[in-house]
Amino acid sequence: MPEISNWMTQTAQDHPDVVTIVDYGHTYENRKISLLKIGLSTGEKKKVIWMDCGIHAREWIAPAFCQYFVRQILQTYKTDPKMEEMMKNMDFYVTPVLNVDGYIFSWKDNTTRLWRKNRSPGTSSCDCYGTDLNRNFDANWGTIGVSYDCCSEIYCGSKPVSEPEAQAVTDFVGSRKDDFLCFLTIHSYGQLLLVPYGHPNFTADNYDELMEVGLAAADAIRGVHGKNYKVGTSPAILYPNSGSSRDWARQQGIPFAYTFELRDNGTFGFQLPEDQIQPTCEEAFTGALQQLLISSAFRITRDTATVAMLTVLSTGQDEK
């Protein structure tokens, strides 16, 4: 983790015109939760893209991808017109490691390598540590795909947003929710693009758009190294769950909310070999960019249509 923190500091120092470090919370063990804000200053109000990695401690490929994503943006925006346009129209808020305590614990030794949760202690009646942060958000909390046993890997916490890490995201994103276009939370493994919702009884009102954008991203991913990513809701292609950050983001009105489950399909699982890190990041980067480009086009089209309809309602006639 010191390496990642130092990298964030160095990145901000190397690109002071486009990168700012923002501290927006603290973990249970009082470590800072920080993001990199990336974008070109234009003086105009911009849409915001959220990306977090490392909400589950053992999913080491996720923080590696967040770092790769930032590097690629900063290396290409001056020479790639599409990337430059995105930097002018969007700000990226990238949290390389959300579950800082758990991530550090997972690096302790071989016995902790597969630690998933954060490191907050259980209740007075439980000696176990940790809450699954991706079951702790206030989105159909505690209803399905969770455990109330604090020793379980999918323990949802004592109440919604009981954990400081979930609270930090809730406060930061919630106070700016109207600015966000996309909410991307990066996980592993399974090679999946998951759309809201995790509860089988609920369907996102823009489900068709979510699927169209997700399928386009999966096609883009396939074109890089031939890997297939399934697209769908969690109950349809993985398992039902509740309290996820993705579902919370969609319920807050953020139009495009996705969970990326990176490589692989289970051969190596969370312990992805080093020689797969680069290709995994390359394909996921391509898929994420495709998502952002198409999502932006959808919103521009929808916003334009809304303006046109308001004009009709106010004037009583079509624009010609």
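The values are calculated or read from the model by the stated rules, or taken from the named source; none is laboratory data. As the structure is a computational prediction, the values presented were derived from the model and not from experiment. Backbone-built Cβ (ideal geometry, glycine too); neighbour counts: all protein chains shown.
From the list Val94, Val70, pick out the single residue that is at pLDDT 95 or above, surrounded by 22 or more Cβ atoms within 10 Å (Cβ to Cβ) and among the hydrophobic types (A, V, I, L, M, F, W, C). Write out each step before concluding.
Values: Val70 fails: surrounded by 22 or more Cβ atoms within 10 Å (Cβ to Cβ).
The conditions single out Val94.
Name the one entry in Thr20, Thr79, Thr27 that is at pLDDT 95 or above, of a type in the set (Ser, Thr, Tyr) and either over 25 Å from Gly130 (Cβ atoms) or touching a strand residue (DSSP E or B) at 6+ places or on another chain (Cβ under 6 Å) (or both).
Details: Thr79 fails: at pLDDT 95 or above; Thr27 fails: either over 25 Å from Gly130 (Cβ atoms) or touching a strand residue (DSSP E or B) at 6+ places or on another chain (Cβ under 6 Å) (or both).
Testing whether each residue is at pLDDT 95 or above, of a type in the set (Ser, Thr, Tyr) and either over 25 Å from Gly130 (Cβ atoms) or touching a strand residue (DSSP E or B) at 6+ places or on another chain (Cβ under 6 Å) (or both) leaves just Thr20.
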Completion exercise
Note on region 123-160: residues under 14 Å from Asn99 (Cα atoms) and either β-branched (Val, Ile, Thr) or touching a His at 6+ places or on another chain (Cβ under 9 Å) (or both) are Thr131, Asp132, Leu133, Asn134
Exercise for the section: Identify, by number, the condition in (1) surrounded by fewer than 17 Cβ atoms within 10 Å (Cβ to Cβ); (2) at pLDDT 95 or above that Ser124 doesn't meet. Expected result: (2)
Fill in the blank from the handout: Of the residues in region 170-186, those that are surrounded by 15 or more Cβ atoms within 10 Å (Cβ to Cβ), outside any strand (DSSP E or B) and polar (S, T, N, Q) come to Thr170
Exercise for the section: For region 223-244, name all the residues that are among the hydroxyl-bearing types (Ser, Thr, Tyr) and over 20 Å from Gln191 (Cβ atoms). Expected result: Ser242
Exercise for the section: Inspect region 194-216 for any residue being under 17 Å from the mean Cα position of the chain (by Cα) and charged (D, E, K, R) and give the result as yes or no. Expected result: no
Problem - Test: residue in region 117-129 that is in contact with a strand residue (DSSP E or B) (Cβ under 8 Å, 6 or more places away or on another chain) and either over 20 Å from Ala57 (Cβ atoms) or among the basic types (Lys, Arg) (or both) - result: yes
Exercise for the section: Taking Thr143 as the residue in question, decide whether it is in a loop (DSSP other than H, G, I, E, B), touching a residue at least 24 places away in the same chain (Cβ under 8 Å) and surrounded by 24 or more Cβ atoms within 10 Å (Cβ to Cβ). Expected result: no
Exercise for the section: Quick one: which strands (runs of 3 or more DSSP E) lie wholly within region 191-276 and hold at least 2 residues that are at pLDDT 95 or above and not aliphatic (A, V, I, L, M)? Expected result: 230-233, 256-262
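Condition check ((1) outside any loop (DSSP other than H, G, I, E, B); (2) within 29 Å of Val213 (Cα to Cα); (3) aromatic (Phe, Trp, Tyr); (4) touching a residue at least 60 places away in the same chain (Cβ under 8 Å)) across all residues:
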position: Met87; (1), (2), (3), (4): yes, yes, no, yes
position: Gly102; (1), (2), (3), (4): yes, no, no, no
position: Leu114; (1), (2), (3), (4): no, no, no, yes
position: Ser124; (1), (2), (3), (4): no, no, no, no
position: Asp127; (1), (2), (3), (4): no, no, no, no
position: Asn134; (1), (2), (3), (4): yes, yes, no, yes
position: Phe137; (1), (2), (3), (4): no, yes, yes, yes
position: Cys150; (1), (2), (3), (4): no, no, no, no
position: Ala168; (1), (2), (3), (4): yes, yes, no, yes
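Kindly provide the set of residues from region 30-55 that are over 29 Å from Val161 (Cα atoms) and either at pLDDT 95 or above or touching an Asp or Glu at 6+ places or on another chain (Cβ under 6 Å) (or both), ordered by number. Talk me through it step by step, then tell me what you get.
Our first condition is that a residue be over 29 Å from Val161 (Cα atoms); within region 30-55, this holds for 39-45.
The answer is Gly39, and nothing else.
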